[in-house]
Amino acid sequence: MKTASLGAACLALVAGLSGARAQTIYPLNRAEILAGARFDFKVEVPGVPAEADVAITINGRPAAEILGKPATFVAKEDGLDQSALWVRDAEIAKPGKYVVDVKAGGKAASVTWDVFATPEKRAAKNVILFIGDGMSVAHRTAARMLSKGISEGHYGGDLAIDDMPHMALVSTSGTDSIVTDSANSMSAYTTGHKSCVNALGVYCARNTSTLGHPRVETITSLVKRKLGLAVGVVTNTEIEDATPAGMVAQTRRRSDYNDIVKMFYDAEPEVIMGGGTPNFLPKTVAGSKRKDDDDYLAKFAAKGYAFAANDTDMKAAAADAKTTRLLGLFNPVNIDGALDRRVLKGGTVKRYQDQPDLTDMVKTALDVLSRKPEGFVLMVESGRIDKYSHSLDWERAVYDTIMLDNAVKLAKDWAASRNDTMIVVVADHAHPVSIIGTVDDDRPGTRLRDKIGTYADAGFPNYPAPDKDGYPATVDVSRRLAFTFGAYPDHCTSGKPFLNGEFEPVKAGPDGKTQVANEEYCGPTATRMQGNLPITAASGVHSADDVILTATGPGSDQFRGHMENTRVFRALVGALGLSAPH
Ligand SMILES: [Zn+2]
């Protein structure tokens, strides 16, 4: 079968008709690879062929000539009836089209890569990437209504995230599914490669070890290695969570938190701030989630990092001009959202009374990172927009959208007089959310649906005028937004805000697998909603809808029209002129 046509082999692969799995080549077909960026090249073949019977060419030449080093043959990989050829840390310097052909065991496969270069000229000294995790159009609209007000159809003003000269529609699907999670979607922004659900900085190959999959280089590694830039990673979630981890991590499984802490340690971003302390503590310390004796607080300190456990520490560290490296861990889990910290005092606020706001974290990061003359890349995530949307708690999600907007405003003000900083604001994926009118307690009837006004009956909500930071003093008003979720498990709702803590729509059912409505919320005035998701779903889910990107500053004119999420990476490294000779 050595003469089998390439086209037929590819068709068999696509249709899943090949008995034994044919060859798979990583990076996958249509990969876009930054010239000079490192990646692992892997070819998987079934069985255990003789090494000499596996032929790999790239643009008709031996692969080693193009990749700079020979492949290593691994027979019976992971002890199974399968083999692989690897080139770890390959690099291609010259841009262009690269066709990889593999022939083994009578089968053939082929992929084509686009190796791209950036403009030679570096447009931006600094890049700030803001991620509103799960931030969808309805979150933005609701944030604008609550923080700017709306009457007779006119808003009282624009959000900082809206008031930017460049805008694009970004698609977020991954290699395995139309619907992505925060791991592979962030990975697309930070590596330029699409991957599969739960994966960070790797292609999803068949390796059994989560750390063994073919890796692609992160923007953190690239800008440090090529340009000597400082890097900041700032989030209000656990620092090991998917979005911040996407800046440094290479693992098939986003829940490898202890490994991800080590990846932060090895990558050495100058500023690391979020929650998630327990994975930094040796197992002997109460509350630790490590399985070893590694003390990462001590290890980071030994690398010259100042440590901050609260807002006061953080500001003191930033005020010290000698602080050029800062680790801030402000909560064992996620930092409480804006609605809890500022208004309701729920969540863990009483226990952790001195948690920083995202705006203060951004100001600190800018102070510390700008001490490095070469410039910086800073990633800032408002991560609980997503988490609160999973729990169908829209008020908390929208307050954290307003918080993101304030953080973006701060960065825009900081950058305004400099003209050397590109600021990008984007979500990593969407949630199926929409504003369909208002819920008005004064409408007649007893059921929630009696209280919902649509079209002319909706009118306008009556939230109080916001404070100077754009937050209304209460969400418990008589005419509220009817902010709806398109996908949900069984739950009960009263259409009222959750003043006593984040909504917990479900509990595990008696079998421990299926999810049932949390009866705590199923009082006489509540409406019982029959879920429209599989009964194992414990929360709302992401949607495949495109997300909005806005951008300003030098290099931001690269964002326009519709873009694949990998093209966001291309624009980030494009603004930095990353593949130019340095
Ligand atoms: Zn999510």
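For region 554-564, taking the residues that are open to solvent by 30 Å² or more (accessible area, probe 1.4 Å) and not in a strand (DSSP E or B), the one that is farthest from residue 428 (Cα to Cα) is identified as 557. No other residue among 517, 571, 580 is at pLDDT below 95, more than 16 Å from the ligand (Cβ to nearest atom) and hydrophobic (A, V, I, L, M, F, W, C) apart from 580. Condition check: modelled with pLDDT of 95 or more, within 16 Å of the ligand (Cβ to nearest atom) and open to solvent by 30 Å² or more (accessible area, probe 1.4 Å). Does residue 431 satisfy that? When the stated conditions are applied, residue 431 does not pass them.
Would you confirm whether or not region 521-535 contains a residue that is part of a loop (DSSP other than H, G, I, E, B), out of contact with any helix residue (DSSP H, G or I) (no Cβ under 9 Å at 6 or more places or on another chain) and within 16 Å of the ligand (Cβ to nearest atom)? Yes: region 521-535 contains one or more residues that are part of a loop (DSSP other than H, G, I, E, B), out of contact with any helix residue (DSSP H, G or I) (no Cβ under 9 Å at 6 or more places or on another chain) and within 16 Å of the ligand (Cβ to nearest atom).
Counting the residues of region 259-315 that are outside any strand (DSSP E or B), more than 22 Å from residue 242 (Cβ to Cβ) and touching a strand residue (DSSP E or B) at 6+ places or on another chain (Cβ under 8 Å) gives 6. Within region 356-413, the set of residues being of a type in the set (Phe, Trp, Tyr) and touching a Phe, Trp or Tyr at 6+ places or on another chain (Cβ under 6 Å) comprises just one member, 394. Only a single item in (1) more than 16 Å from the ligand (Cβ to nearest atom); (2) out of contact with any strand residue (DSSP E or B) (no Cβ under 9 Å at 6 or more places or on another chain); (3) over 24 Å from residue 84 (Cα atoms) is not met by residue 190, and it is number (2).
Checking each residue in region 54-68 for being under 33 Å from the mean Cα position of the chain (by Cα) and at pLDDT below 95 picks out only 68.
When residue 415 is tested against (1) buried (at least 20 other Cβ atoms within 10 Å of the Cβ); (2) within 17 Å of residue 143 (Cβ to Cβ), only condition (2) is not met. Within region 144-152, is there a residue that is within 23 Å of residue 434 (Cβ to Cβ) and within 16 Å of the ligand (Cβ to nearest atom)? No, every residue in region 144-152 fails to be within 23 Å of residue 434 (Cβ to Cβ) and within 16 Å of the ligand (Cβ to nearest atom).
Applying a threshold of 9 Å to beta carbon distances and a minimum spacing of six or more residues, or different chains, the list of pairs starting in region 361-379 at a residue that is touching a residue at least 40 places away in the same chain (Cβ under 8 Å) and ending at one that is of a type in the set (Ser, Thr, Tyr) and surrounded by fewer than 24 Cβ atoms within 10 Å (Cβ to Cβ) reads 367/323; 368/323; 368/324; 369/324; 371/323; 371/324; 372/324; 376/370. Determine whether region 163-171 contains at least one residue that is free of Cβ contacts under 8 Å to residues at least 24 places away in the same chain, surrounded by fewer than 19 Cβ atoms within 10 Å (Cβ to Cβ) and either assigned to a strand (DSSP E or B) or within 16 Å of the ligand (Cβ to nearest atom) (or both). No.
No other residue among 76, 125, 103, 97 is at pLDDT below 95 and either on the phi > 0 side of the Ramachandran plot or more than 16 Å from the ligand (Cβ to nearest atom) (or both) apart from 103. Each residue in region 467-481 was checked for being assigned to a strand (DSSP E or B) and either buried (at least 21 other Cβ atoms within 10 Å of the Cβ) or at pLDDT below 95 (or both), and 2 of them qualify. Scan region 193-208 for residues that are within 15 Å of the ligand (Cβ to nearest atom) and either surrounded by fewer than 18 Cβ atoms within 10 Å (Cβ to Cβ) or not in a loop (DSSP other than H, G, I, E, B) (or both) and the total you get is 1. If the condition is being in contact with a Phe, Trp or Tyr (Cβ under 7 Å, 6 or more places away or on another chain) and open to solvent by 10 Å² or more (accessible area, probe 1.4 Å), then region 218-247 contributes no residue at all. When region 364-397 is filtered for residues that are more than 16 Å from the ligand (Cβ to nearest atom) and either over 28 Å from residue 577 (Cα atoms) or part of a loop (DSSP other than H, G, I, E, B) (or both), the ones remaining, listed by number, are 370, 371, 372, 373, 374, 375, 395. Does region 231-252 contain any residue that is within 18 Å of residue 330 (Cα to Cα), in contact with a strand residue (DSSP E or B) (Cβ under 8 Å, 6 or more places away or on another chain) and part of a loop (DSSP other than H, G, I, E, B)? Within region 231-252, one or more residues are within 18 Å of residue 330 (Cα to Cα), in contact with a strand residue (DSSP E or B) (Cβ under 8 Å, 6 or more places away or on another chain) and part of a loop (DSSP other than H, G, I, E, B).
The values are calculated or read from the model by the stated rules, or taken from the named source; none is laboratory data. Just so it is clear, the structure is predicted and the values come from calculations on it, not from any experiment. When we count neighbours, we look across all protein chains shown, and the Cβ atoms used for this are built from the backbone with ideal geometry, even at glycine. Surface accessibility is based on the protein's heavy atoms, side chains included, excluding ligands, DNA and RNA. Shrake-Rupley method; radii C 1.70, N 1.55, O 1.52, S 1.80 Å.
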